[in-house]
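These notes are about the structure you will find just below.
The values are calculated or read from the model by the stated rules, or taken from the named source; none is laboratory data. Quantities reported herein were computed from a predicted structural model and do not represent experimental measurements. Side chains included, ligands, DNA and RNA excluded: accessible areas come from the protein's heavy atoms. Shrake-Rupley method; radii C 1.70, N 1.55, O 1.52, S 1.80 Å.
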Amino acid sequence: MDKIALIADIHGNLTALQTVLEDIENRGIKHIYCLGDIAIKGTNPNEVTNLIREKCEVTVRGNCDHLLIHPGYCIVPLQKWTTDRLSELNKEFLGNLPFSYDFYLSGHLIRIFHASPYSLKHIFNPLHSNAENDYRNFEILDPEKMFENTEFLGKSENDPTPDIVGYAHIHSPNLFRFKNKLLFNTGSIGLPIEIDNTELDRDLAHFSTMSSYVILEGNLDSKELAPYSMQLVRLPYDISKEVEKIKNSDIPDKEILLRNYLYAQS
């Protein structure tokens, strides 16, 4: 059987990415797919993008990847700082990433994208509501919509709909079963978030020291029904190394980034 590692939301964190790639290699996994948000918010955007280009046979576009290369009317300092450190090859790579990728595994059509079938802003989060934050106008409440063929993805009603959807964006791994379909989130490599999702503690989402990714196992590119499985991997990395990099850098929003990492250690 084939094994595929699905990683996402690296956000320029080279230490975490190297740790995860070493774990993937130690497991003998040959296929790595990336679900986007590669470079921004960390001190090593170019090195991280180099590794993704080298190691991942499939990469789809995240909202942060899109904003780096297609910034629109407003460019914040962190965007400029990051793009100034990207090679022209890596800028071209990020600017031409597809929004989604379909493949078969053991007779099941799997679709991966960063956030949703509608845009890079829409969000589906079964762990807690986003009605009171910046995503309130982009919140997806019906999980069935995550399986739809949309113009944004370049799909029409004549295309097959996926049996399994993998996405990223919310930085919190989860697995959601709905109407005989499967929806899963990879979590994040570089800025993983834990959710204390009781009603009492709903606001206590916080950054974590444990990177996460997903392993799919089955017969890749086969339309014949056969066994498949999914595994969520959590692993620690040397977060203090990233903290020192940020402290010694001139990256914008340093205080915010440090607060996120230091909170994870507390």
Margin query: Run lengths n ≥ 4 of DSSP H only: what is the helix-derived mean residue ellipticity at 222 nm for the chain, with -39500 (n - 2.57) per run over all residues, to the nearest 500?
Written below: -7500 deg cm²/dmol
Check: How much accessible surface area, in Å² rounded to 10, belongs to the heavy atoms of residue 146 with a 1.4 Å probe?
Finding: 0
Item checked: Among beta bridges that DSSP assigns inside the chain, antiparallel share in %, nearest 5 -> 65
Check: Could you list, bin by bin from short to long, the percent of Cα-Cα pairs of the chain in 10 Å steps?
Finding: 7, 30, 38, 21, 4, 0
Next item on the list: Can you send over the carbon and sulfur percentage of the accessible area for region 55-96, probe radius 1.4 Å, protein chains only?
Entry: 57
Check: What does region 1-49 give for Rg and for Dmax, in Å, if only its C-alpha atoms count?
Finding: 11.2, 37
Notebook entry, point to check: Leaving out ligands, DNA and RNA but keeping every protein chain, what accessible area does residue 247 have, in Å² rounded to the nearest 10, with a 1.4 Å probe?
Noted result: 100
Check: Taking only Cα atoms, what is the 0 to 90° angle, nearest 10, from helix 45-55's long axis to the longest principal axis of the chain?
Finding: 30
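Using a 1.4 Å probe and counting only protein heavy atoms, arrange 244, 88, 194 so the residue with the most accessible area comes first. Kindly include the intermediate steps, with their values, before the conclusion.
Working: 244 90, 88 130, 194 50 Å².
From most exposed to least exposed: 88, 244, 194.
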Check: By how many degrees, 0 to 90 and rounded to 10, does the Cα axis of helix 14-26 deviate from the longest principal axis of the chain?
Finding: 40
Note to self: Give the lysines reachable from residue 41 as a straight Cα distance under 29 Å; neighbours fewer than 8 places away on the same chain don't count.
What the structure shows: 30, 55, 80, 91, 121, 241, 245, 247, 254
Check: By accessible area of protein heavy atoms, probe 1.4 Å, what ranking do 217, 47, 57 get, highest first?
Finding: 57, 47, 217
Next item on the list: For the chain, set up a Gaussian network in which alpha carbons nearer than 10 Å are linked by springs, and say which option among 177, 85, 53 fluctuates the most.
Entry: 177
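Inverting the mean 1/r over all pairs of different Cα atoms, compute the Kirkwood radius of region 91-155 and quote it in Å.
Numbers: mean 1/r = 0.0750 Å⁻¹.
That comes to 13.3 Å for region 91-155.
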Checklist line | Solvent-accessible heavy-atom area per residue, rounded to whole Å², over the chain at 1.4 Å | finding: 47
Check: Can you pull the percent of Cα pairs in region 49-90 with separation above 16 Å?
Finding: 41
Margin query: Taking the full set of protein chains and a 1.4 angstrom probe, give the accessible area of residue 93 in square angstrom, rounded to the nearest 10.
Written below: 50
Check: Expressed as an acute angle from 0 to 90° and rounded to the nearest 10, what is the orientation of the C-alpha long axis of helix 254-265 relative to the principal long axis of the chain?
Finding: 60
